[in-house]
Amino acid sequence: MSNPLIMLGLPKGSLEESTISLFGRAGWKISKSSRSYKPSIDDPELDGRFVRAQEISRYVELGFFDCGLTGYDWIIENNSDVVEVCDLIYSKATALKSRWVLCVKEDSEIKSVEDLNGKRVATELVNFTKRYLQEKGVNAEVEFSWGATEVKVPDLVDAIADITETGSSIKANNLRIIDTMLYTNTKLIANKTAWENPEKRRKIESIAMLLQAALSAASKVGLKMNLPKSSLNRIIGALPALRTPTISQLSDPAWVAVETIVDEKTVREIIPTLKENGAEGIVEYSLNKVVP
Ligand SMILES: Nc1ncnc2c1ncn2[C@@H]1O[C@H](COP(=O)(O)OP(=O)(O)OP(=O)(O)O)[C@@H](O)[C@H]1O
Ligand SMILES: O=P(O)(O)OC[C@H]1O[C@H](OP(=O)(O)OP(=O)(O)O)[C@H](O)[C@@H]1O
Ligand SMILES: [Mg+2]
């Protein structure tokens, strides 16, 4: 590739597939063969590498990457001095935040974080967990785990600190959460020097805008319909989601066309209310990008 403007750090592992899919919806096709960590991106200004999410913030700080995507958890764990450009709220399986929790076996006598005094805790997030327990005044031994951490309680350790997204791993391993240490989500981060370079910054900002636009579109839909003018105020009063619709006059002076964007999860309440108030020709459509 000839001299790309931006070297981008992409997370291999949990966030890999959801990140490739998000870039696709934002307008960039990232292709990679299964054993290659050097993807091709259909933008001559971008080059990228897949590395573990744990390491991205360090390589962004050092300047190997101009910007990258990783979890807030690993930025904190590595204490990385980087620019946090924007939040991108998605995880492995959902469009939600994840959280790091302290867990014990369902039937354990340990009920709260204070009960961990003198106990052993296994985690992948050692530095943060040590700091967290210290701040709570709890003196526990924190040991590093390479993964599959759930299996270690109660035989190897008394508790674990692990990430949870859907909660299915906790349930499957009969664990009980005793405390939430940290909420985390994916972030776009930038190297401080790259951020001071106007040309690079402009590109990083447009990547941020389009990724956010694609994420925001995923939870929203467009709605359009025709309405009798007489019920317009009543409907807008009853449906806060329709606060700022575009209203156009139809050739029949008694009718208007209304178009708006709403959260997808509100649609099942909105459409019946619209219908009850005389709306006709209601169309719901999906969106690719929403830029505020
Ligand atoms: N369900 C999830 N499980 C684990 N990590 C998740 C999940 N959803 C989002 N993440 C984020 O992904 C990053 C962890 O990914 P990483 O590639 O480092 O480890 P991993 O995918 O757990 O690797 P491995 O599959 O080898 O355990 C973290 O920033 C974490 O917050
Ligand atoms: O709440 P859930 O949706 O079940 O997700 C959380 C699980 O996902 C991660 O495991 P991962 O796949 O990274 O395997 P690992 O334990 O080997 O790291 C994490 O360590 C939990 O085990
Ligand atoms: Mg893992």
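The values are calculated or read from the model by the stated rules, or taken from the named source; none is laboratory data. These numbers were taken from a predicted model, which means no experiment stands behind them. Glycine also receives a Cβ, built like all others from the backbone with ideal geometry; neighbour counts cover every protein chain displayed. Remember, those area values only see protein heavy atoms, side chains included, never the ligands or the DNA or RNA. Shrake-Rupley method; radii C 1.70, N 1.55, O 1.52, S 1.80 Å.
Structure above, values below:
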item: Charged-residue dipole, Cβ positions (Lys, Arg, Asp, Glu), the chain about Cα centre, Debye nearest 20; result: 560 debye
item: Region 220-286 - charge dipole about Cα centre, Lys and Arg +1 at Cβ, Asp and Glu -1, debye rounded to 20; result: 140 debye
item: Solvent-accessible area of Arg25 with every protein chain in place, 1.4 Å probe, in Å² to the nearest 10; result: 100 Å²
item: Accessible area of the chain divided out per residue, in Å², using a probe of 1.4 angstrom; result: 53 Å²
item: Charge dipole of region 141-186 about the Cα centre (unit charges at C-beta), most positive-ward option of Ser169, Tyr183, Ala159; result: Ser169
item: Relative contact order (%) - the chain, alpha-carbon pairs under 8 angstrom, separation at least six; result: 19 percent
item: 22 Å Cα cut-off, lysine pairs counted over region 98-183 (separation 8 or more, or different chains); result: 15
item: Dimensionless Rg over Rh [the chain; C-alpha; Kirkwood]; result: 1.09
item: Nearest-10 value in Å² for the accessible area of Val153, using the 1.4 Å probe; result: 10 Å²
item: Residue among Lys220, Lys200, Lys136 with the largest mean-square fluctuation in a Gaussian network model of the chain, springs linking Cα atoms under 10 Å; result: Lys136
item: Accessible-area ranking of Thr193, Thr180, Thr19, largest first, probe 1.4 Å; result: Thr193, Thr180, Thr19
item: Region 108-242 - convex hull of the alpha-carbon atoms, volume per residue in Å³; result: 236 Å³
item: Carbon and sulfur %, accessible surface of the chain computed with the full protein complex present, 1.4 Å; result: 49 percent
item: For region 248-292, alpha-carbon Rg relative to the globular expectation (2.2 N^0.38 Å, N residues); result: 1.33
item: Heavy-atom accessible area order for Trp74, Trp255, Trp100, largest first, 1.4 Å probe; result: Trp255, Trp74, Trp100
item: Rounded accessible area of Tyr72 (nearest 10 Å², 1.4 Å probe); result: 60 Å²
item: Cross-link table Lys97/Lys265; Lys32/Lys220; Lys97/Lys187; Lys29/Lys265, entries beyond 21 Å C-alpha to C-alpha; result: Lys32/Lys220; Lys29/Lys265
item: For the chain, with +1 on Lys and Arg beta carbons and -1 on Asp and Glu, the positive-most of Leu10, Val256, Val51 along the dipole; result: Val256
item: Unit charges on C-beta of K, R, D, E only; dipole of region 160-285, Debye; result: 280 debye
item: Contact order relative to length of region 220-286, as percent, for alpha carbon pairs under 8 angstrom and 6 or more apart; result: 52 percent
item: Cα-derived Rg over Rh, computed across region 220-286 with Rh taken as Kirkwood radius; result: 0.92
item: Equivalent ellipsoid semi-axes, region 98-183, via Cα gyration tensor eigenvalues times 5, rooted, Å; result: 17, 14, 12
item: Per residue, the convex hull volume that the Cα atoms of region 152-224 enclose (Å³); result: 166 Å³
